[in-house]
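Below: one structure, written as structure tokens.
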Amino acid sequence: MPDDSDQLDGILDSMSRDEPIDWDSASEHAAENSRQRIETLRHIARIASFNRSLQADSMAREARRAAAPPPMPATWGDLVLLEWIDSGARADVFRAWDPGLHADVAVKLFRPDAPGAISEAAAGAALLVRHSNLVPIYGTARHDDRLGIWMELQVGPTLERLVNSGRQFSPHDVVRFGLEIGGAVMAVHDAGLLHGRIDPAHVFLGAGNEARILPMDVASNSAPKHSDLDALEALLRVVASAGPPIAVCLAAVLHRATEPAMEARYASIAELVHALEKCLTDLPAITPAAEGARDKPSFGRLGSWLPGRRRP
């Protein structure tokens, strides 16, 4: 069996090449004093994987917006489709008029030939989840051989767009976003589901500057249970790093997420939310100067760095 230094070198080499690693086997065959290092590398790999997915998603969205939009049916059920908004790997999203609500809505139509079949049961389960910071789903149905869900149309900017445009957020903002998004995702977990879509592109700011996250990915529930927690921690690092100097209590909250010892990290989103609630009480009162700090130039574009690392 190779010595521990050889094993660690092999893991680092696989990480640099983005090759799959059997972490459980590596930990099982390591000496006791090396297992903690392996667990730390495992957590870093999870963060790096999330960051790569952010970059890939951002580039894919830009490519889709530059390409010709997909064919848009005139109607889908009672909804009148008005314009294309976006497309993903499994679905196309349109703005539509709902005559029952007398309002514009966003309708997501899943493509029948897309990988990862979406079941009506999964879509129906998502429909039942309600939280003030979770964009509400109005209904789900199947028409013309396409399963779809329609939801409240969001007109505010996404966190991704704001960070990329140079918007900065105060520590109060970062903590509040964590509480709002964390509360919404806890509602999803309480329903026995995973969210699977926690990233800056899926979080909108409302008229009152509140965070509203799009509904869960109805095909994501085979993902590891820790994936939502990892994603929320990484999102908070993205927003915190594109802002003024980070507050001490917020730095402590985010640092705990990368503690070398697994037992020292957050075990759940509920535990992370509790830490943010305590941090909120420790933050100084917001001053006009602190509010103005949001308009300072950005450190750079989102997705060009590893979450958790300060930009120069």
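Each value in this text was obtained by applying a stated rule to the coordinates, not by laboratory testing. Keep in mind that what you see is a predicted model, and the values were worked out from it rather than measured. Here the Cβ is made from the backbone with ideal geometry for all residues, glycine too, and neighbour counts use every protein chain on show.
How high is the relative contact order of region 68-194, in percent, counting Cα pairs under 8 Å that sit 6 or more residues apart?
Relative contact order comes out at 18 percent.
Taking square-rooted eigenvalues a ≥ b ≥ c of the alpha carbon gyration tensor, is region 103-203 rounded, prolate or oblate, where a/c under 1.5 means rounded and, failing that, a/b exceeding b/c means prolate?
Prolate, since a/c reaches 1.5 and a/b exceeds b/c.
Taking the beta-carbon count within 10 Å as an exposure proxy, list T75, T140, T158 from fewest neighbours to most.
T75, T158, T140
For region 159-295, just say rounded, prolate or oblate: build the C-alpha gyration tensor, square-root its eigenvalues into a ≥ b ≥ c, call rounded for a/c under 1.5, and beyond that prolate if a/b exceeds b/c, oblate if not.
oblate
Taking the beta-carbon count within 10 Å as an exposure proxy, list L101, L194, L159 from fewest neighbours to most.
Least crowded to most crowded, the residues run L101, L194, L159.
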